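Accompanying notes for the structure given below.
Just so you know, all these numbers are worked out from the coordinates, no wet-lab data involved. Since we're looking at a predicted model, the values are computed, not measured. So basically every Cβ, Gly included, is an ideal-geometry build from the backbone, and we count neighbours across all protein chains shown.
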Amino acid sequence: MKTGASNILLPEQLITKPNSKAIEYRFPIIEISKLAEQESWRKEIHRPIYHIHKWWAQRLGSVFRAIILGTLADADTDIWQSFYRQQDFRDKIILDPFMGSGTTLGESAKLGAKPVGVDINPVSTFIVRQSLTQVDLRDLERTFQAIEAAVKNEIAVYYKTLDPVTQEELPVLYYFWVKQVTLPSGEIVPLFHSYIFSKDAYPKKKPLAQILCPWCWSINEGRYDIDGLACKTCQQHFNPQRGPVQGQYVFDSRGEKYKIKDVIVTSNHPPKHRLYAMMALRKDGRKVYLKPAEYDFQLFQEAHRRLARERLPQPDMTIRAGHNTNQARGYHYQNWREFFNERQLLCLGLLLRRIQQIEDPIMREQFICLFSSTLEFNNLFCTFKGEGTGAVRPLFSHHILKPERTPLENSVWGTDKSSGTFSTLFRSRLMKAKHYLTQPHEIGATYQLFGDLEINGTASSKVASSRAIDLTVTDQWEDFIDNPHSALILNGDAGNLPLPHQCVDAIVTDPPYFDFVHYSELSDFFYAWLKPVLQDTYSYFSDSDSSHQDEVQDRDTYRFTEKLTRVFCECHRVLKPEGILAFTFHHSRHEGWLSIYQAITEADFQIVAAHPIFGEMKGGNPKTATQDPITFDAILVCKKANTIPRKHKEILREVQQKAEAISQELIASGIKLSKADSFVITMSQALLLGSLSGYTPSEIKDLLAQFASSR
């Protein structure tokens, strides 16, 4: 059976060399890509240890398991045939200098290797420590129950309403708010683009929707596509499809048009919000939409008053300017606490104060991590996804901090009918992650027999193929070396590692983006809450924000290349002579590929193989807004440069032929490639052949430019 398109080899790759590894010669890109696509639909279920907390550009565990296996296994190993077999690389050390959510570390531990992870971002460092820390599940449950007994009712009292029929108290699941602007005429206008505020995720199957009357603000029911309705309360006629907002413009009652941004700029504070609807839960389990009444407004005011009286842990950190934060700053958000209303600040503060009282420091940090994870779903940058799906669209659905015109307020503690609350995330994220540590598994492949190992899998089947992850987490090299079951997790600059020379067997990573997505600008949202409660424990939470002068991300091409080169040079220093540096990368512009090539070359590495691999599903945000999304990464496999390159006389044609052959084999297997995916494949093969041919960065620049111009 074929094991992937990367069986297309260059002449000098046909004969394996001493001490070489499997990934240098072949990689099962078809099989692993299909498996990775299955995983990508529900990453948080298939690999829960990497999803206890939000992090960006989380890579797929099945891909990284295969990469790590390929960097450690001998050249004659068939990676796919070995994928589901338990491995024992106990004498091998794997380094990830950009560990992010910790995928490399977890997959290394599952293969028996000793992981070392480094990240310059304090939030990343903290969440990876928590994800890999083994705790007693019974103690975890008991601690949760103690928190529940102490604060659940205290919080829940602020998420109640009165049933207008029975006058019974009902728990509120969600509050619906709308931003309002004051126009030059003095008219206050809510920023609705439509008065249909709730509909099913599949409206053609379930067409009933919730509709707000713009005249009396009563809640009506009607079809999601209705264009004419008489309010059941005030009898006024209106078109539910047309609110006062159209695109970037808002209209007043006379039809005058104003640009929303211009109206907001003239104020000196974030837009005010108006509460217009609630979703409550009746005793029989039915959800009901209600118009807020005096009881609800008074309850909110009581939360406001109590917040002023209490001394609670709260965020108090300025939002710094940046590509990912400027849109929020343009709406006059200046401090991270402004992302929350008074009820949210109170209830989150009450919860965090109780968590701080947990005596066991290991258990306390587990719940601080869970609390921080809850923040993503409990702020005024969330929106309603609709019925029939997870109701809360979290803050980081976009890679910018986008002020939402109709935000959704979640219930901080929640019920069993809630989404994205502290209690539900305890079950769905933290407990599942800890279960996974004790019983790690792979997704069963649906299309392959492995000799005597029969895998009859489905997208939801679990195959036990790894030892339990039972590691002692440390930040000291000496402790790491002395303990065979340990993980070294460091916060700091990967360009200056506290590691001995040539101590690492392989380096597997996913470098930061070349240009626009700056993780530290986004992670400040969490850092603002974590800093007050962790700064006495971890020195890296004592800085003013989560940024660092040496973080590799930079919009300036030269500075990005310079910073990445520093890290790759340090990788060269700590890597053993025959060790592998393998990393995933994609970019839509050839300048990004040039930066990578320069960093590799200047760090004295040579690319010895390049394998395309499925990286992310098309449906993931922000890919849904992209006409030609990139779903494939390139795995670039590098070794220390110690061979004399052979000049390829017709490299342009060779790149085209190899890229075309790989693409055709992927397509023949049923995998769909976008034009952007084909570009990734071509760029990776250009870098491979250019490196093997000894091309300088200036020569590779011309080669990449030729392919870019012919797209």
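General observations
- Under 5 Å from the amide H of Phe381 lies no amide H of any residue 5 or more positions distant or on a separate chain, with H modelled from the backbone and absent for Pro and chain starts.
- Cut-off under 5 Å, modelled amide H: who pairs with Leu95 long-range: Val116, Ala506, Ile507, Val508
- Reachable lysines, given that their alpha-carbon falls under 30 Å from the alpha-carbon of Lys640 and they are not under 8 places away in the same chain: Lys2, Lys17, Lys21, Lys92, Lys110, Lys114, Lys563, Lys576, Lys649, Lys658, Lys701
- Cα Rg over Rh - region 82-131, Kirkwood: 1.03
- Distances between every pair of Cα atoms in region 278-409, grouped in 5 Å steps from 0 to the bin holding the largest one, split as 2, 9, 14, 18, 19, 18, 13, 6, 1, 0 percent.
- Our helix-only sum for the chain, with -39,500 (n - 2.57) per DSSP H run of n ≥ 4 divided by its residues, gives a mean residue ellipticity at 222 nm of -10500 deg cm²/dmol.
- Electrostatic dipole magnitude of region 208-353 [Cβ: Lys, Arg +1; Asp, Glu -1; Cα centre; debye, to 20]: 300
- Relative contact order of the chain, defined on C-alpha pairs under 8 angstrom at six or more residues apart (%): 16
- Whole-number percent relative contact order across region 69-118, with pairs defined as alpha carbons under 8 Å at least 6 apart: 37
- Segment Trp477-Ala201, length gained on full extension (0.36 nm per residue, minus Cα span): 94.3 nm
- Computed from backbone phi, the HN-Hα couplings of region 422-429 come to 4, 5, 6, 6, 4, 6, 7, 10 Hz, rounded to whole numbers (Karplus: 6.51 cos²θ - 1.76 cosθ + 1.60, θ = phi - 60°; Gly and Pro given as x).
- Applying a 4.7 Å Cβ-Cβ cutoff to the chain leaves Cys347, Cys369, Cys382, Cys503, Cys569, Cys571, Cys638 as cysteine residues with no disulfide-compatible partner.
- If only the Cβ of Lys and Arg carry +1 and only the Cβ of Asp and Glu carry -1, the dipole of the chain around its Cα centre is close to 1940 debye.
- Label point at Ser253 placed 7 Å out along Cα→Cβ; residues across region 154-180 whose backbone nitrogen lies under 20 Å: 178-180
- Shape parameters for the chain, alpha-carbon atoms, Rg then Dmax in Å: 27.1, 85
- A Förster radius of 22 Å combined with the Cβ-Cβ distance from Arg353 to Arg142 puts the calculated FRET efficiency at roughly 0.65.
- Lysines whose Cα lies under 19 Å from that of Lys160, excluding same-chain neighbours fewer than 8 positions away: Lys152, Lys283, Lys287, Lys291, Lys417
- Around Ala150: net Lys/Arg minus Asp/Glu count, Cβ-Cβ under 11 Å: +1
- Share, in percent, of DSSP beta bridges within the chain that are antiparallel, nearest 5: 75
- Relative contact order, whole percent, for region 373-418 stands at 43, derived from Cα pairs under 8 Å and 6 or more residues apart.
- Alpha-carbon centroid distance for the pair region 228-299 / region 502-561, whole angstrom: 39
- Residues in region 276-286 carry Karplus couplings, in order, of 10, 7, 9, 10, 10, 10, 7, 4, 7, x, 7 Hz; the curve used is 6.51 cos²θ - 1.76 cosθ + 1.60 with θ = phi - 60°, and Gly or Pro positions show x.
- Counted charge near Ala201, where neighbours are those whose Cβ lies closer than 13 Å (Asp, Glu -1; Lys, Arg +1): +4
- Where a label projected 7 Å from the Cα of Asn268 along Cα→Cβ would reach, residues of region 308-337 with amide N under 15 Å: 332-334
- Listed residues His399, Pro48, His237: farthest to the positive end of the dipole of the chain (Cβ charges): His237
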